[in-house]
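Worksheet for the structure shown next.
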Number of protein chains: 2
Amino acid sequence: MVAKITGLRTYDIRFPTSRELDGSDAMNPAPDYSASYVVIDTDAGDGLEGHGFAFTIGRGNDVQTAAIQGLEFAVAGRPVQDTLDDLGGMWRELVHDSQLRWLGPEKGVVHMAIAAVVNALWDLKAKRAGKPLWQLLAELTPEQIIELVDFRYLSDALAPGEALEILRRAEPGRAARLAKLRDGGYPAYTTTPGWLGYSDEKLRRLCREAVEQGFRQLKLKVGADLTDDIRRMRIAREEVGPDIRIAVDANQRWDVGTAIDWVRELAPFDPWWVEEPTSPDDVLGHAAIAQAIAPVRVASGEHAANRVVFKQLLQANALSYLQLDVARVAGVNENVAILLLAAKFGVPVCPHAGGVGLCELVQHLAMFDFVAVSGSMDDRVIEYVDHLHEHFVDPVTLREGRYLAPSRPGFSAELRPGTLVDYAYPHGPVWTSIAEGTGA
Amino acid sequence: MVAKITGLRTYDIRFPTSRELDGSDAMNPAPDYSASYVVIDTDAGDGLEGHGFAFTIGRGNDVQTAAIQGLEFAVAGRPVQDTLDDLGGMWRELVHDSQLRWLGPEKGVVHMAIAAVVNALWDLKAKRAGKPLWQLLAELTPEQIIELVDFRYLSDALAPGEALEILRRAEPGRAARLAKLRDGGYPAYTTTPGWLGYSDEKLRRLCREAVEQGFRQLKLKVGADLTDDIRRMRIAREEVGPDIRIAVDANQRWDVGTAIDWVRELAPFDPWWVEEPTSPDDVLGHAAIAQAIAPVRVASGEHAANRVVFKQLLQANALSYLQLDVARVAGVNENVAILLLAAKFGVPVCPHAGGVGLCELVQHLAMFDFVAVSGSMDDRVIEYVDHLHEHFVDPVTLREGRYLAPSRPGFSAELRPGTLVDYAYPHGPVWTSIAEGTGA
């Protein structure tokens, strides 16, 4: 008997983070960090499951979860090994399902649902191979990597032949970089100090602690009030001195003109980049802002819907840093395309993380990029936020401001069994106790 | 007692259109035209309900319907009159709900859910006013119209003051245009002849019939096979002669280079516009195609996610015709913004229609535009497809290739009660008989 995928189990998991103002920013004042979580089951009898999720901030997590469950028809009944051997084909089938595509196309709830399932399939593939995902990816041949990518809509910026060339150029140094990664990890920056809801004292203390912990870059949320932002930026700069990079993040709060004016007011404090200055759909707006605020740099991408938006951001010279998100575009395959686009345009990738489990997942993509695509860690950092890691079976390990390379097989996506019970929404004990007014 | 909105009722309604190849195109070979349908109830005791829907093509209509139902929290319990008096405020509250916004932002399933609810509120408002929606809108003052629009992310292209100026310029001629519209209707073009699934004979016959019916423009689906497209374009041109416009529609099938090459092969048959030549997200791609294929024109918009994408398509000179969709962007309010953007840039709006009920709804927006925004019908046509109108309580009326102005109060969005029963998915009689193999 050939082992088959038997189905998907989905879970609406929510954490009551809005009660602490962790994660508060100018557009998202009260998020309840949530995961639309999926487990892929097989009848292989090896005890292995694939785990993945979409990250949301509360309301609508039920709809997102239903969208993931709705993809079961596309994977249930398939042979496990054949499916995992051709995840490029699986990706195309999911993304190009014409009826589902109408609901995006390639954006929003359906695209994020595909991300969760695709990432869960990669988790399963890596577990079956007995390797952490970053290593599994980094050991594929250039030709195998190209097979993962759908070049539809990309060919005016990146042809398959060019992509292959990029991968082949990186091939000779792979072993040395793999060793370097295992020795020293990958640099991180921290968003922990800078949430809008924190007091000046807390900001000051957290900035100081970040530097003590070894971070060379930190980030402040901005965009709600200019006077506050100037004061907070001054405090942070005072605390960390001139050599630590301070990025600022507006979370899409501004129109183009406002972004330019606001960033100029912050410029005296040397912000390293300004993140999501306006609508994530506004390629031309990002380009106009980038031109106007130089030498301050523009970073964006966590809400870019798909590779077509990233392609244009690069074509328009709108980004100094590209911030891919592991679960908004359609998972590993689409992110491989985005890493190749970034390499083609010579733009460093500094992945978005935080939320629920985004750090756990995205480290694999950055490490794969280092070993097999861009071949560089220079001027690159992975975001780090110290939220909710305790819920994961294989949480990230930070040391002296660097992510250590995961060694456990898989994609580090698995939530602890107790978390799936305690934080189930709305009937898990954490939520029922909040509803009864007895919550913490 | 102040009358209140009591709740939303939602329905997953699907039509088995894939069995006839009506609606087949290069990207959507087998659509089952569907509506995620919503009814807004009140306790006003006036017997009036608000009706709206999202249009999908089958799979995922359940998720779309759940997303609409998930918006009930935002409208249930509100006072009816106050809510309808400030639909600009209601729109902002729905679109800027930060937790829900994360699932787009402003795109995909959640944005289309907002469209359905916003349009249903407009339907209710027009019914309570005893007017067809186009007339209700066209009788608002310029200041009231501006209040409907959220200018966030638009101000670099269109400031509120400029928008007001556009509306004021159109004010003096409103009465004359309203009379002209009631007399002669609004020009339509027909997509009926050109579906990919039709035989050459059927194409030829339908082209001839379209001209006999008074249409001055028709449209062919293209993009699956170049040889077929050349043959079909030749047939159509032979049948209709040189004076009838023939548009072609690729439904996003091509990469940028392919689009340019393909359209050049069709150019000898004088295609009027090429529609959706590539990804709807690819502003720069549309602009490159437009420049390369001139004097053939580019039309797009039915899958443009929101006003920010339309803004850029206009800024980049990517469109000769803007094809707004009534239920993909967030309903009437966002379409008012898009009509104002188009007027600012001097680009004619030729709305997307067809599907389920899109003709019924979008005629109201085009007619409002004629009376109160652009002030012109020149070089403008509303798409017409003769599908599924029989399911609507107030179906469109075509005469000699023109839409007649609706006179019945509301937004023409209401499905017949029998349709809500017969086509309910998956348990309505049409679907159970198909499942049992006894379907037509």
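Yes/no matrix, rows are residues, columns are (1) modelled with pLDDT of 95 or more; (2) open to solvent by 40 Å² or more (accessible area, probe 1.4 Å); (3) within 18 Å of B:Val308 (Cα to Cα):
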residue	(1), (2), (3)
B:Gly70	yes, no, no
B:Gly104	yes, no, yes
B:Lys107	yes, no, yes
B:Val117	yes, no, no
B:Arg168	yes, yes, no
B:Gly173	yes, no, no
Exercise. How many residues are closer than 23 Å to B:Trp102 by Cβ, among the charged types (D, E, K, R) and assigned to a strand (DSSP E or B) if we restrict to the range A:203-250?
Worked result: 3
Problem set entry | Residue check for A:Pro295: at pLDDT 95 or above and surrounded by fewer than 23 Cβ atoms within 10 Å (Cβ to Cβ) | yes
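The rows are residues; the columns are (1) among the charged types (D, E, K, R); (2) in contact with a strand residue (DSSP E or B) (Cβ under 8 Å, 6 or more places away or on another chain); (3) closer than 24 Å to B:Pro351 by Cβ.
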| position | (1), (2), (3) |
| --- | --- |
| B:Leu164 | no, no, yes |
| B:Gly214 | no, yes, yes |
| B:Val222 | no, yes, yes |
| B:Ile230 | no, no, no |
Problem set entry | Which numbered condition B:Ala290 fails, given (1) within 25 Å of B:Phe345 (Cβ to Cβ); (2) within 13 Å of chain A (Cβ to nearest Cβ); (3) not in a loop (DSSP other than H, G, I, E, B) | (2)
Problem set entry | Hits in the range B:146-177 - residues which are touching a residue at least 40 places away in the same chain (Cβ under 8 Å) and not in a loop (DSSP other than H, G, I, E, B) | B:Glu147, B:Leu148, B:Glu162, B:Ala163, B:Ile166, B:Leu167, B:Arg169, B:Ala170, B:Arg174, B:Arg177
Exercise. Considering only the range A:253-287, how many residues are more than 7 Å from every other protein chain (Cβ to nearest Cβ) and open to solvent by 10 Å² or more (accessible area, probe 1.4 Å)?
Worked result: 13
Exercise. Residues in the range A:178-194: is at least one open to solvent by 40 Å² or more (accessible area, probe 1.4 Å), farther than 30 Å from A:Arg232 by Cα and either part of a loop (DSSP other than H, G, I, E, B) or touching an Asp or Glu at 6+ places or on another chain (Cβ under 9 Å) (or both)?
Worked result: no
Exercise. What about B:Val80, is it β-branched (Val, Ile, Thr), out of contact with any Phe, Trp or Tyr (no Cβ under 9 Å at 6 or more places or on another chain) and facing another protein chain (nearest Cβ under 9 Å)?
Worked result: no
For this session: Identify the residue in the range A:293-302 that is among the small types (Gly, Ala, Ser) and not in a loop (DSSP other than H, G, I, E, B) and, among all such residues, is nearest to A:Phe53 (Cα to Cα).
Result: A:Ser300
Exercise. Which residues, counting only those in the range A:293-302, are away from every other protein chain (no Cβ under 13 Å) and not small (Gly, Ala, Ser)?
Worked result: A:Ile293, A:Pro295, A:Val296, A:Arg297, A:Val298
Exercise. In this structure, is B:Ala54 within 19 Å of A:Gln64 (Cα to Cα), touching a residue at least 12 places away in the same chain (Cβ under 8 Å) and within 18 Å of the chain's Cα centre (by Cα)?
Worked result: yes
For this session: Can you give me the ranges of the helices (runs of 4 or more DSSP H) entirely in the range A:351-440 with at least 3 residues that are open to solvent by 30 Å² or more (accessible area, probe 1.4 Å)?
Result: A:417-422, A:429-435
Exercise. Can we say A:Ala116 is touching a residue at least 12 places away in the same chain (Cβ under 8 Å) and more than 30 Å from A:Pro29 (Cα to Cα)?
Worked result: no
For this session: Starting from the range A:251-277, take each residue that is part of a helix (DSSP H, G or I) and list its partners that are of a type in the set (Phe, Trp, Tyr) and modelled with pLDDT of 95 or more, counting only C-beta distances under 9 angstrom and pairs at least six apart or across chains.
Result: A:Val256/B:Tyr153; A:Ile260/A:Trp254; A:Asp261/A:Trp254; A:Trp262/A:Trp254; A:Val263/A:Trp254
Seminar exercise, completed: Only one of (1) in contact (Cβ under 8 Å) with a residue 24 or more places away in the chain; (2) within 13 Å of chain B (Cβ to nearest Cβ); (3) not acidic (Asp, Glu) does not apply to A:Gly130, and that is (2)
For this session: Answer with yes or no whether A:Asp281 is in contact with a helix residue (DSSP H, G or I) (Cβ under 6 Å, 6 or more places away or on another chain) and either at positive phi or of a type in the set (D, E, K, R) (or both).
Result: yes
Seminar exercise, completed: Those residues of the range A:226-235 which are under 16 Å from A:Trp262 (Cβ atoms) and open to solvent by less than 50 Å² (accessible area, probe 1.4 Å) amount to A:Asp229, A:Ile230, A:Arg232, A:Met233
For this session: Identify the residue in the range A:5-59 that is more than 21 Å from A:Lys125 (Cα to Cα) and of a type in the set (S, T, N, Q) and, among all such residues, is most open to solvent (accessible area, probe 1.4 Å).
Result: A:Ser18
Problem set entry | Selected residue [in contact with a helix residue (DSSP H, G or I) (Cβ under 8 Å, 6 or more places away or on another chain), closer than 30 Å to B:Arg307 by Cα, modelled with pLDDT of 95 or more and more than 14 Å from every other protein chain (Cβ to nearest Cβ)] from B:Ala250, B:Ala163, B:Ala188 | B:Ala163
Exercise. In the range B:51-68, what residues are in contact with a Ser or Thr (Cβ under 8 Å, 6 or more places away or on another chain) and more than 9 Å from chain A (Cβ to nearest Cβ)?
Worked result: B:Phe53, B:Thr65, B:Ile68
Exercise. For the range B:303-330, what are the residues that are open to solvent by less than 10 Å² (accessible area, probe 1.4 Å), in a loop (DSSP other than H, G, I, E, B) and either without any contact (Cβ under 8 Å) to a residue 24 or more places away in the chain or within 11 Å of another protein chain (Cβ to nearest Cβ) (or both)?
Worked result: B:His303, B:Ala304, B:Ala305, B:Asn306, B:Ala318
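The values are calculated or read from the model by the stated rules, or taken from the named source; none is laboratory data. A quick note: this is a predicted structure, and the numbers were derived from the prediction, not measured. When we count neighbours, we look across all protein chains shown, and the Cβ atoms used for this are built from the backbone with ideal geometry, even at glycine. What goes into the accessible areas is simple: the full protein's heavy atoms, side chains included, and nothing from ligands, DNA or RNA. Shrake-Rupley method; radii C 1.70, N 1.55, O 1.52, S 1.80 Å.
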